[in-house]
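Okay, structure first, notes after.
No lab work stands behind these numbers, since they all come straight from the coordinates. Because the structure is predicted, anything quoted here is derived from the model rather than measured. Please note: Cβ atoms are built from the backbone with ideal geometry, for glycine as well, and neighbour counts cover all protein chains shown.
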Amino acid sequence: MAFPSIPFLILIISLQIPSLIASSPRVQNPELVVQEVHEKLNASRRKLGFLSCNTGNPIDDCWRCDPNWEKNRQKLADCAIGFGKNAVGGRDGKIYVVTDSGDDDPVTPKPGTLRYAVIQDEPLWIIFARDMVIQLKEELIMNSFKTIDGRGASVHIAGGPCITIQYVTNIIIHWD
C-alpha cells in the first residue's frame, strides 16, 4: 500500500498504553483540541495571500518558510498541532539516513534500511538518501521516539504490509 499522493501527509501520533490514557490527567478535552486545530488552520489559510511560502497547512507553514529547513529538519517536531502536539519523535536523537530500499531480512535487518532504523532503542530522525519504493516483507513495527521524515524525497511504502504503531510513544511521520 502506497502513501496517498496528496500534496502533504502528516501523521503525528503521541500514543500511550491504553490503560494509562484512561487514568492520565494529561488527556485533553477533545472539543478544545479540535477548536485549536480549526483556529490554526483558519489562521494559516488567511495568510495565503500575504506570504509566498505559506501553504494553508499550519504544520507545513511552520517549516517551509525556512530556506535552510534541510539543515534544521528536527524543527518539524515543534510544528505539531492537535492531540500529537507534544510528540517529540526522534528530535533529540541522531539523524539516520535510509540508503537501502530493501527489506530482505525482517528478523535481522541490514543497517541502512528503514526496518533497521525503526527497531533501534534510541531516538532517531529518519530521512531518505534518494527517491525509493520500499516493499515490506512483514509489517514494520515501530519503537518509540522515531520520526520518519519523507521531505525532500519521493518515498513510497507499497505493495505489502504496513507500518504498525502500537504501544509506543512519540512517533512522527511526515510525507511531503
For K110, list the lysines whose Cα falls under 26 Å from its own Cα; do not include residues on the same chain fewer than 8 positions away.
K94, K137, K146
Determine by what factor the alpha-carbon radius of gyration of the range 124-167 differs from 2.2 N^0.38 Å, reporting the quotient.
1.19
Amide hydrogen neighbours beyond the local backbone of V98, cut-off 5 Å, H modeled
I127, F128, A129
By per-residue mean of other Cβ atoms within 10 Å, what is the highest-first order of 104-112, 84-92?
84-92, 104-112
Any chance you could list P(r) for the range 56-120, counting all Cα-Cα pairs in 10 angstrom bins from zero, rounded to whole %?
19, 35, 32, 14, 0
Percent of alpha carbon pairs in the range 85-169 separated by more than 18 Å?
38 percent
